[in-house]
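As structure tokens, the structure follows; a few thoughts come after it.
Rule-based calculations on the coordinates, nothing more; no lab input. Being a predicted model, the structure only gives us computed values, none of them experimental. We place every Cβ from the backbone using ideal geometry, glycine too, and count neighbours over all the protein chains shown.
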Amino acid sequence: FKKGWFSEFNDLWPGISVSFEVTKILHHEKSQFQDILLVDTKAHGRLLVLDGIIQCSESDEFSYQEMISFLPLCTHPNPKNVLIVGGGDGGVAREVVKHPGVEHVTQVEIDGRVLELSRQYLPSLACGLSHPKVTLYVGDGFEFMQKHSQQFDVIITDSSDPIGPAECLFQESYFALMKTALKPGGLVCSQAGTIWSNDLQVEKTLEHCKSVFPAASYAYTSVPTYPTGQIGFVMGSLNPNTKFGEPVKVFTENELDEMKLKYYDDKIHRSSFVLPRFAAKAIKNL
Ligand code: AAT
């Protein structure tokens, strides 16, 4: 362990660890739900770490936040009402409100301290939390889902990994609750781990999604500072004819510039559902 470096050690990715040279420890505390660490790094800007796991780095967060938001938003024909579960840094809200069809965003994050600390230390992400279209609740996403039915066009689950407070957000019962909370024709998109990990998280999450939704798929994006450099999303739709890899909303180059999108466009949307052979085979066998 090199002095002055942060290393991400976790059994979800046995035998590997991503490390960053730290220039300053900005904040460290134990909240009611988790250990929260914010540091400044030499090469990747600020880092938010929960229970020892990297949630985002300022240098590449745009890839994850744009993709988890615009993949479902551009697959749905009319995404007016959106629910975000988790996403305490505010980056997903920042992206979702950019879509011209989105009228209202509801967000439920379990840890009020993550919201407060993101506002303080990650303002370029947390700006999303204060947007006039966003209504923010502090609470558990699973419990929130039990109390809502037929309300949302799109549900984005920007959750931490399936250990700690987010474990319930990967279960089949959570996918069933999301189905009830959706309006007819609704879509879900959930953080679902990397195909390079051998813990079967992708397969399990996709299986749960498939057993609840008539159409389901997996897409991925590259995020250099997440373990294995890659992370994916499981998507489910109430419309059995949904073609996930075929965006129904295509933005022009000008619109993409105006929305300040740095990663997402319709070409990367299509390509993100094209999986390498080993992953395609593993998923096909479900
Ligand atoms: N935008 C990328 C960052 C995240 S943050 C995930 C958020 O989910 C955290 O703020 C955490 O407090 C919140 N969370 C965890 N459990 C729940 C729950 N049950 N209900 C509501 N919110 C919850 C995602 C990082 C992905 C990391 C990949 N390795």
What does the charge count around residue 186 come to, taking other residues whose C-beta lies under 13 Å from its C-beta (Lys +1, Arg +1, Asp -1, Glu -1)? +2
Taking the alpha-carbon centroid of each part, what is the distance from region 187-205 to region 80-120 in angstrom? 22 Å
Quick one: how many lysine pairs does region 73-220 have with C-alpha atoms less than 27 Å apart and a gap of 8 or more or different chains? Give me the count, please. 20
Once normalised by the length of region 152-220, the mean sequence separation of its alpha carbon contacts under 8 Å that are 6 or more apart gives a contact order in percent of 36 percent
Considering only C-alpha atoms, what is the centroid distance from region 208-231 to region 240-286, in Å? 12 Å
So which residue, out of 45, 88, 245, gets the largest mean-square fluctuation from a GNM of the chain using Cα contacts under 10 Å as springs? 45
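Given a cut-off of 18 Å, what percent of all Cα-Cα pairs of region 1-61 lie beyond it?
32 percent
Using only DSSP helix segments of four residues or longer, with each worth -39500 (n - 2.57), what per-residue ellipticity at 222 nm results for the chain after dividing by its residue count and rounding to 500? Mind showing how you got there, number by number?
Numbers: 10 runs with 81 residues, N = 286.
Here the helix-only value at 222 nm equals -7500 deg cm²/dmol.
Residues with beta-carbon under 13 Å from that of residue 140, excluding residue 140: net charge, scoring Lys, Arg +1 and Asp, Glu -1?
On the way: positive: 147; negative: 109, 111, 143, 167.
Value of the local net charge: -3.
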With charges set only on the Cβ (+1 for Lys and Arg, -1 for Asp and Glu), what does the dipole of the chain come to about its Cα centre, in debye to the nearest 20? 460 debye
Candidate aspartates and glutamates - alpha carbon under 19 Å from residue 249, same-chain residues fewer than 8 apart omitted: 66, 95, 103, 153, 257, 258, 265, 266
Distance histogram in 5 Å bins (all Cα pairs of the chain, percent per bin): 1, 6, 13, 18, 20, 18, 13, 7, 3, 1, 0
Among all the lysines, which ones have a C-alpha under 22 Å from residue 2's C-alpha, if same-chain residues fewer than 8 places away are not counted? 24, 42
If you take every residue apart from residue 149 with its C-beta less than 12 Å away from the C-beta of residue 149, what net charge results, scoring Lys and Arg +1 and Asp and Glu -1? +3
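Over its Cα atoms, what ratio of radius of gyration to 2.2 N^0.38 Å does region 85-195 give? All intermediate terms of the calculation are to be shown ahead of the outcome.
Details: Rg = 13.5 Å, N = 111, 2.2 N^0.38 = 13.2 Å.
For region 85-195, the normalised Cα radius of gyration comes out at 1.02.
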For region 167-286, place one equal point scatterer on every Cα, skip the solvent, and apply the Debye formula. What is log10 of I(q)/I(0) at q = 0.13, 0.21 Å⁻¹? -0.55, -1.27
Projected onto the charge dipole of the chain (unit charges on the beta-carbon of Lys, Arg, Asp and Glu, signs +1, +1, -1, -1), the Cα from 160, 123, 174 with the largest positive-side position is that of 174
